[in-house]
Amino acid sequence: MAKYQFGLVGKNIDYSFSKNYFGEKFRKLNLLDYSYENLDIQAIEEFTQLIKQNPSFSGLNVTIPYKESVIPYLDKLSKKATEIGAVNTIKITKSGKLKGFNTDYLGFKKSIVPLLDSSHKNALILGTGGASKAIFYALKQLGISCVFVSRKIGPNAIGYNQVNEATFKEFQIIVNCTPVGTAPNTEIYPDIPYQHFTKNHIAFDLIYNPTETMFLKKARKQGAITKNGLEMLVLQAEESWDIWNK
């Protein structure tokens, strides 16, 4: 068993980028005592037992659907994670304390900045899960106002059936934070009117597998600038690594 263990907590995560990414990183750095595992749990209530069974873990990443529900199981949150309301990185101290961080927002922020110009003032965020909260926080830091698109209409959230040509004229950035279109279900896509995308729009999809989702493909065909979530994922992973090693 490796001396320094890390892992990804999620549900049905065989597809995970993180295990291969960190495994390759450890090989390149010749870190023979390091390992990274997928820790698949079917309900967040299994998290406590997972920690008890793996006392040698030094750090964890958290993915769908537990970025929000894991918070009550942690001993402490960073200021950013508290403000965002979601956690994707956990540092485990030598005394066994769990501190939650959010590196998603920084990965997204660094990834989208090169695409922005002065015309990009407003964003639509598709989905209201843990990832969307990090995206909202990052865009707010960049001075971009956001509205969520959700099946549940509420404060600062409109329904998919309310997105129309006027919406696209007002919102120049569309970010897909839902899992819709992830492999193997690559033929599906969020239900928005893609014909209203233009060359003045940015379509950003947090999904990285496939490389080009139907969401991105349909937006690109209308001339939009498109980007997938791979660079964001790499950037947030490196930020997680820095947190674990501080």
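The values are calculated or read from the model by the stated rules, or taken from the named source; none is laboratory data. Because the structure is predicted, anything quoted here is derived from the model rather than measured. As a convention, Cβ positions derive from the backbone with ideal geometry for all residues, glycine included, and neighbour counts pool all protein chains shown. Calculation scope for accessible area: heavy atoms of the full protein, side chains included, ligands and nucleic acids excluded. Shrake-Rupley method; radii C 1.70, N 1.55, O 1.52, S 1.80 Å.
Okay, here's what the table says:
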read-out: Failed item in (1) open to solvent by 30 Å² or more (accessible area, probe 1.4 Å); (2) modelled with pLDDT of 95 or more; (3) over 19 Å from Q195 (Cβ atoms), with G223 passing the rest; value: (3)
read-out: Residues of region 75-101 satisfying the condition of being buried (at least 20 other Cβ atoms within 10 Å of the Cβ) and of a type in the set (G, A, S); value: A81, A86, G100
read-out: Leading residue by the ranking (modelled with the lowest pLDDT) among those in region 50-91 that are among the aliphatic types (A, V, I, L, M) and touching a Lys or Arg at 6+ places or on another chain (Cβ under 8 Å); value: I64
read-out: Out of F47, F22, sole residue that is more than 21 Å from L235 (Cα to Cα), assigned to a helix (DSSP H, G or I) and either aliphatic (A, V, I, L, M) or modelled with pLDDT of 95 or more (or both); value: F47
read-out: Complete set of residues in region 222-246 that are within 12 Å of H201 (Cα to Cα) and basic (K, R); value: K227
read-out: Extreme residue, farthest from the chain's Cα centre (by Cα), among residues of region 170-193 that are open to solvent by 30 Å² or more (accessible area, probe 1.4 Å) and among the hydrophobic types (A, V, I, L, M, F, W, C); value: I188
read-out: First in region 154-172 and farther than 16 Å from A123 by Cβ, second anywhere and open to solvent by 70 Å² or more (accessible area, probe 1.4 Å) and outside any loop (DSSP other than H, G, I, E, B), Cβ under 9 Å, 6 or more apart; value: E165/Q195
read-out: Selection status of I51, more than 26 Å from G229 (Cα to Cα), buried (at least 17 other Cβ atoms within 10 Å of the Cβ) and of a type in the set (V, I, T); value: yes
read-out: Criterion (hydrophobic (A, V, I, L, M, F, W, C) and touching a helix residue (DSSP H, G or I) at 6+ places or on another chain (Cβ under 7 Å)) met by exactly one of I112, I84; value: I84
read-out: Pair list, Cβ under 6 Å, 6 or more apart: region 14-43 residue under 20 Å from S56 (Cβ atoms) and of a type in the set (S, T, N, Q), other residue in a helix (DSSP H, G or I) and open to solvent by 30 Å² or more (accessible area, probe 1.4 Å); value: N38/K19
read-out: All helices (runs of 4 or more DSSP H) inside region 85-182 with 2 or more residues being among the aliphatic types (A, V, I, L, M); value: 104-112, 130-141
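This table checks each residue for (1) open to solvent by 60 Å² or more (accessible area, probe 1.4 Å); (2) more than 20 Å from the chain's Cα centre (by Cα).
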| position | (1), (2) |
| --- | --- |
| T103 | no, no |
| K110 | yes, no |
| A123 | no, no |
| G127 | no, no |
| I135 | no, no |
| I144 | no, no |
| I158 | no, yes |
| N164 | yes, yes |
| F168 | no, yes |
